[in-house]
Amino acid sequence: MAIEHRTVAQDEAETRLDRWFRRHFPRLTQGALQKMLRTGQVRVNGKRADAGMRLEPGQEVRIPPLPEAPPSDEGERRRPSPEDENAARDLAARIIHRDDAVLVLDKPHGLPVQGGPGISRSVDSMLDAFRFDAEERPRLVHRLDRDTSGVLVLARSAAVASRLASAFRGREVEKTYWALVMGRPEAPEGRIDLALAKLGGPRGHERVRAVDDLEEGTRAITDFRVLDTVKARVAWLELRPLTGRTHQLRVHCAEGLGCPILGDGKYGGASAHMERVSGKLHLHARALRLPHPNGGGLEVAAPPPPHMRDSFAFFGFEAPRTPKPRHLSPGPRR
């Protein structure tokens, strides 16, 4: 393994460096990491760091060649298994847009973006398959929950990753999500301004709660609009998060609107499920508009996943066709 550089994603803010390594390299031992930190092989923005350092979005982590992991009951996998290769090919078929700076994937429901305890396959673990003609491994610059489908942007170099991370951090990226929720919001559109606090737990099992005091949590803002309803039973919402907190949309729908997302048992319990409708989470990253690293802008959209298409048909919702990606010329916004 050669020296690698990865950019800290927006939603990894305040993560301890050692925990960040455990998420990205779950088989790296704590002892091996401590040795690399003591000898200065691991650096953050070019400077030495310690295990307890809290990371900030956009920082670049230098990753030296990692020691071989100790043997496991499964044996060492020096090459991707046929199943991993098939999964990478399936994911490559979901590339929405590709140019010399960025890749955009339509991430399927159920696929984690990053590794962690109990996760054997993730988008991050398959990124070597998406180098194509580039010298560098693609880099994650933002994240979607395992059960959220849709638009996921990758940078094809460290320089691009830094610019995109800055754009996400500076709210230069317009994010649009679709959600089917139980019940119907009182207003047809509005803003949810509700602070959130993490309750902890391993990645993929974190829980978040709404709080009234900003000293307890972090401010989170989401604009919403009702696109269609089935009486007072179910509503189809367009959600535009202005901040990027963990589980922000799920908690804002459940606690801010009183309308949990369909299939979200974590925050809606039994009231988030309905007979004859898929129990999967009905939250989809529909579109992104972002400044392109080479100038101008990029607009990309992803079609809803199969279980949401089935639910749209069941409730009689008619989703518009998915537009093709658009590279916008530099100039004033429309």
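Table for the structure above
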read-out	value
Which listed residue is open to solvent by less than 40 Å² (accessible area, probe 1.4 Å), modelled with pLDDT under 90, in a loop (DSSP other than H, G, I, E, B) and not small (G, A, S), from P80, P70, P57	P57
Condition check for A285: among the small types (G, A, S) and under 22 Å from the mean Cα position of the chain (by Cα)	yes
Condition met for R131 (among the basic types (K, R) and modelled with pLDDT under 90)	yes
Checking A155 against (1) touching a Pro at 6+ places or on another chain (Cβ under 7 Å); (2) of a type outside the set (D, E); (3) open to solvent by 30 Å² or more (accessible area, probe 1.4 Å); (4) closer than 16 Å to D124 by Cβ, the condition it does not meet	(3)
Residue in the range 249-265 that is among the basic types (K, R), touching an Asp or Glu at 6+ places or on another chain (Cβ under 8 Å) and buried (at least 17 other Cβ atoms within 10 Å of the Cβ) present	yes
Residue pairs meeting the criteria (Cβ under 6 Å; at least 6 apart or on separate chains; first without any contact (Cβ under 8 Å) to a residue 60 or more places away in the chain and charged (D, E, K, R), in the range 261-281; second in a loop (DSSP other than H, G, I, E, B) and open to solvent by less than 60 Å² (accessible area, probe 1.4 Å))	D264/L281
Residue match in the range 233-240 (condition: under 17 Å from the mean Cα position of the chain (by Cα) and surrounded by fewer than 19 Cβ atoms within 10 Å (Cβ to Cβ))	yes
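The values are calculated or read from the model by the stated rules, or taken from the named source; none is laboratory data. Here the structure is a predicted model, which is why all the values come from computation and not from measurement. Every residue, glycine among them, receives a Cβ derived from its backbone with ideal geometry; neighbour counts consider all protein chains shown. Heavy atoms of the whole protein, side chains included, go into the accessibility calculation; ligands, DNA and RNA do not. Shrake-Rupley method; radii C 1.70, N 1.55, O 1.52, S 1.80 Å.
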